[in-house]
Every structure is written in C-alpha cells, then in structure tokens.
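Data first, discussion second: the structure below is written as structure tokens.
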Amino acid sequence: MARAAEASRAEAVAASPPAVRARARAAWLFPALIVLLVGAALLNAGIGAVHIAPGRVVAILLHHLGIDLGIPYTQQQDAVLWAIRLPRIALAALVGGALGIAGATLQGVFRNPLADPSIIGVSSGAAVGAVFVILIGITPFGQLTLPMAAFIGGVVATAAVYGFARFEGRAEVVTLVLAGVAMNAIANALTGIMTFMASQSQLRSIVFWSLGSVGSATWTGVLSVLPFMIVGFLLLPRYGRTLNLLVLGESEARHLGIEPERARMILVALAALLTGASVAVAGVVGFVGLVVPHIIRLIAGPDHRTLLPASALAGAGLLLLADLCARTLAVPREIPLGVVTSLVGGPFFLWLLHHTRRQHGGWG
C-alpha cells in the first residue's frame, strides 16, 4: 500500500504542469546541445594561426577515413588539424563532459547545489600526485607518468575520504563532505610545500598545470583516459532514477527499493573516476562541474535521467568554447583554461546565488 501511494505521488508530480513544461524543453535540449558541441568542435578545428575553412576540415577528416570529397587543402593544414587540433578538441570535449556529468552526480548525491568534483578531494589529490612527479623529475612511463600520478593521487584521496567517513557500515553525507574539506586542506598544504621546494623551471610547469590546460594534448594522452571516460559516461546515466530517489531522502529511497549507502558509494566512485582522469590530463579546471548542471537544471528541470547526459554534452561544448577563447584572446600567448572557466563561471555563480535567494528567500 505504501509503495503504491509513493508511486501514485510520483506519477502526480510527473504529470504536473512544471514537469510537463520541463519535458517539452528537454525534447529540444539534446538536439541543441549536439549542435553546440559540433559547432564548437568545428570552430576549434578551423580557427588558429593556420586557418582551415569548415569545408576543408570535413574534407581532411573524411580523407583519413578513405573518402575523397575533391576539396583541395595543403599538407600543412592536414598536419595541423590531425596532429595538433583534433587531439586538443577530443581532450577538451572529454574533460568538459566528464566534469559536467560528475558535478551533476555529486550535487544529486549530496543533495547540495554547491557540490562539485572538488568536494571529495579528487582534484586536490590529483594535484599532489602531479606536482610530486614534476618535482622529482622521474618519468618511468614517459608522457603517461604525469597523468598516471595525478589519477592515482585523486583515487587515493577519494578512497581515504570515503574510508574516514564510513562508520558502522555507512557514510553520512555531512561526514563525507567534512572529510573532503579536511582532505582538501591536507592536499593543498602538501602541494604548497612541494611548490615552495620547486626550481624556477619546475615552478612554471606546476603553475601552468595547476591553472588547467589542454594545450599539450596528444592522441596518446586522449587514449590513456578514454577507457575511464567511457566507463563513467556509460554507467552514470543508468543511475538517473536512483539519483531522483536519493534526492527525496534516504528513508524514501530505501522504501522504494534503493539501498542508499551502496548507491552513494557507486556514484561517488564513478564521479571520482571521471574527475581524476580529467585532472590527470588537463590540470585543475574549475566551475565546469558546478555551473553546467545548474544551467541544464534551469532549462529542463531536476530529473537526473535528463540532467546527467545533458550535463555531459553541455560540459563538452562549453569547455570547447572556453578553450577556443583561451588560445585566441591573447595571441601569441595562451590563457590558462582554468582562468577562462573561472572568469566566466564565477560571475554566473554569483548571479545564480542572487537569483536563488530572490526566488526562495535564501538557502535556509
């Protein structure tokens, strides 16, 4: 009887006018996000020191697939597009999508609109691993050494946070967040000590990496994180209904057949996997996981079955646009990607706080 009552209440909510309007907006949301992603990719492929028209971009791509459109292009354009710009486009799209869907997941898990991937210590832990490798200067795995060290640091930090937060077989959300705050403080202190010990050349690398960038993207780097990204992108959208129930509260979720502790552990692990892989290859890129889910939520509502995949697409498209700005606004210099996202995301987040306070009378 209770389950039937809960189900009927859920159906009533789904049939309410706001929910109907949200589904109507979601119907055109995905085509619009795909257009944004493709358009941003074409802009990144064509704009730069070597200009490549959109038709030539398509011709070069299809030529590598064995299809000749008969559109002329130079060997320089082919080399620049295939060896420099395409790996950068692929990496920016993967990182943006990963941070977007990870942020949407953590906001649902913690039922906190301020949650983002850094809340559980992934970003700061990954920074410790990467800075350590830069400081000691030993690269046994070549170009993969830095990404591997950063990824291991992020996973270790997340595992430590979750281990400290568990008590009597479960981890409360508040305890998990507080453990994440403590881990961030410890990791930032360790990073600060190693930065103080670094030489001038090492310091430049540390600062540039800590501000975020996909400027050193290679196909090797893209392929090194692609398996982790695929796992996260495929599994997280399957938990859309679970997140919807977790947002209702633990007792309600358990009553409807969801084990909150197990679901939360899986979701946090997948979000950590995506965030750790992103920080490993692009450094610390802020505000994407915080702002993107809010934008999608304002357009299509809070249903995680729509929110998760839409946040991945929006994060990929927006980070591509941010990277385009990073490498073209200050030519011949390149602005760190994390600086661009913070300059855009910070004011948007302030507006979001103001809008929410006016609409709901504050957070309390």
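Which of (1) touching a helix residue (DSSP H, G or I) at 6+ places or on another chain (Cβ under 8 Å); (2) modelled with pLDDT under 90; (3) part of a helix (DSSP H, G or I); (4) not polar (S, T, N, Q) does Gly215 not meet, given it meets every other one?
Exception for Gly215: condition (3).
Based on this model, can you work out whether Arg254 counts as more than 21 Å from Ala316 (Cβ to Cβ), at pLDDT below 90 and not in a loop (DSSP other than H, G, I, E, B)?
For Arg254, the condition - more than 21 Å from Ala316 (Cβ to Cβ), at pLDDT below 90 and not in a loop (DSSP other than H, G, I, E, B) - is met.
Are there any pairs with C-beta distances below 7 angstrom linking a residue in segment 248-269 that is under 17 Å from Asn112 (Cα atoms) to a residue that is assigned to a helix (DSSP H, G or I) and among the acidic types (Asp, Glu), with the two at least 6 apart or on different chains, and if so which?
Sorted first by the residue in segment 248-269, then by its partner, the pairs are Pro260/Glu250.
So which of Ala5, Ala40, Ala83, Ala79 is at pLDDT below 90, assigned to a helix (DSSP H, G or I) and of a type outside the set (Ser, Thr, Tyr)?
Values: Ala40 fails: at pLDDT below 90; Ala83 fails: at pLDDT below 90; Ala79 fails: at pLDDT below 90.
Result of the check over Ala5, Ala40, Ala83, Ala79: Ala5.
From the list Leu313, Leu321, Leu343, which residue is surrounded by fewer than 24 Cβ atoms within 10 Å (Cβ to Cβ), without any contact (Cβ under 8 Å) to a residue 40 or more places away in the chain and not acidic (Asp, Glu)? I'd like the intermediate steps shown before the answer.
On the way: Leu313 fails: without any contact (Cβ under 8 Å) to a residue 40 or more places away in the chain; Leu321 fails: without any contact (Cβ under 8 Å) to a residue 40 or more places away in the chain.
That would be Leu343, the only listed residue that is surrounded by fewer than 24 Cβ atoms within 10 Å (Cβ to Cβ), without any contact (Cβ under 8 Å) to a residue 40 or more places away in the chain and not acidic (Asp, Glu).
Are any of the residues in segment 148-160 more than 26 Å from Ser216 (Cβ to Cβ) and in a helix (DSSP H, G or I)? Break it down into steps so the answer makes sense when it comes.
Filtering segment 148-160 down to residues more than 26 Å from Ser216 (Cβ to Cβ) leaves 159-160.
Still in the running and in a helix (DSSP H, G or I): 159-160.
Yes: one or more hits.
Listed here are the residues, each with its yes/no results for (1) under 20 Å from Ser118 (Cβ atoms); (2) at pLDDT 90 or above; (3) assigned to a helix (DSSP H, G or I).
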residue: Arg305; (1), (2), (3): no, yes, yes
residue: Thr341; (1), (2), (3): yes, yes, yes
residue: Val344; (1), (2), (3): yes, no, yes
residue: Pro347; (1), (2), (3): yes, no, yes
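For Leu144, state whether it is in a helix (DSSP H, G or I), of a type outside the set (Asp, Glu), more than 17 Å from Phe110 (Cα to Cα) and modelled with pLDDT under 80. Don't jump to the end; show me each part of the working.
On the way: in a helix (DSSP H, G or I): yes; of a type outside the set (Asp, Glu): yes; more than 17 Å from Phe110 (Cα to Cα): yes; modelled with pLDDT under 80: yes.
Yes, satisfied.
Which ones in segment 36-51 are loosely packed, with under 14 Cβ neighbours inside 10 Å and closer than 9 Å to Gly317 by Cβ?
From segment 36-51, those loosely packed, with under 14 Cβ neighbours inside 10 Å are 38, 49, 51; that's our starting set.
Once the filter is applied, which keeps residues that are loosely packed, with under 14 Cβ neighbours inside 10 Å and closer than 9 Å to Gly317 by Cβ, segment 36-51 yields only Val38.
Pro147: under 20 Å from the mean Cα position of the chain (by Cα) and under 23 Å from Ala277 (Cβ atoms), yes or no?
Spelling it out, Pro147 is indeed under 20 Å from the mean Cα position of the chain (by Cα) and under 23 Å from Ala277 (Cβ atoms).
Return the residue satisfying two criteria in turn: it lies in segment 240-251 and is assigned to a helix (DSSP H, G or I) and under 14 Å from Glu172 (Cβ atoms), and of such residues it is modelled with the highest pLDDT.
Step one: filter segment 240-251 for residues assigned to a helix (DSSP H, G or I), giving 240-248, 250-251.
Narrowing further to those that are under 14 Å from Glu172 (Cβ atoms): 246, 250-251.
Details: Leu246: 85, Glu250: 74, Ser251: 76.
Across segment 240-251, the extreme among qualifying residues is Leu246.
Of everything in segment 211-225 that's surrounded by 15 or more Cβ atoms within 10 Å (Cβ to Cβ) and not β-branched (Val, Ile, Thr), which residue is farthest from Leu319 (Cα to Cα)? Reasoning before the result, please.
Keep residues of segment 211-225 that are surrounded by 15 or more Cβ atoms within 10 Å (Cβ to Cβ), which gives 211-218, 221-222, 224-225.
Cutting the leftovers down to not β-branched (Val, Ile, Thr) gives us 211-213, 215-217, 221, 224.
Working: Leu211: 14, Gly212: 12, Ser213: 11, Gly215: 13, Ser216: 16, Ala217: 14, Gly221: 17, Ser224: 20 Å.
For segment 211-225, the residue satisfying everything is Ser224.
Mind listing whichever residues of segment 133-157 are of a type outside the set (A, V, I, L, M, F, W, C) and either crowded, with 21+ Cβ neighbours inside 10 Å or touching a residue at least 24 places away in the same chain (Cβ under 8 Å) (or both)? Outline the logic, then answer.
Filtering segment 133-157 for residues of a type outside the set (A, V, I, L, M, F, W, C) gives 137, 139-140, 142-143, 145, 147, 153-154.
Within segment 133-157, Gly137, Gln143, Pro147, Gly153, Gly154 qualify.
Testing Phe233 on (1) assigned to a helix (DSSP H, G or I); (2) modelled with pLDDT of 85 or more; (3) more than 17 Å from the chain's Cα centre (by Cα), one condition comes back false. Which one is that?
(3)
When the residues of segment 58-82 are narrowed to those that are closer than 28 Å to Val285 by Cα and in contact with a helix residue (DSSP H, G or I) (Cβ under 8 Å, 6 or more places away or on another chain), which ends up surrounded by the most Cβ atoms within 10 Å (Cβ to Cβ)?
Top of the filtered list is Leu81.
For segment 231-247: of the residues being free of Cβ contacts under 8 Å to residues at least 60 places away in the same chain and aliphatic (A, V, I, L, M), which is nearest to Leu273 (Cα to Cα)?
Out of the qualifying residues, it is Val231.
The values are calculated or read from the model by the stated rules, or taken from the named source; none is laboratory data. Bear in mind that the values here come from a model prediction, so they are computed numbers and not experimental data. Positions of Cβ are generated from backbone atoms using ideal geometry, with glycine treated the same way; all protein chains shown enter the neighbour counts.
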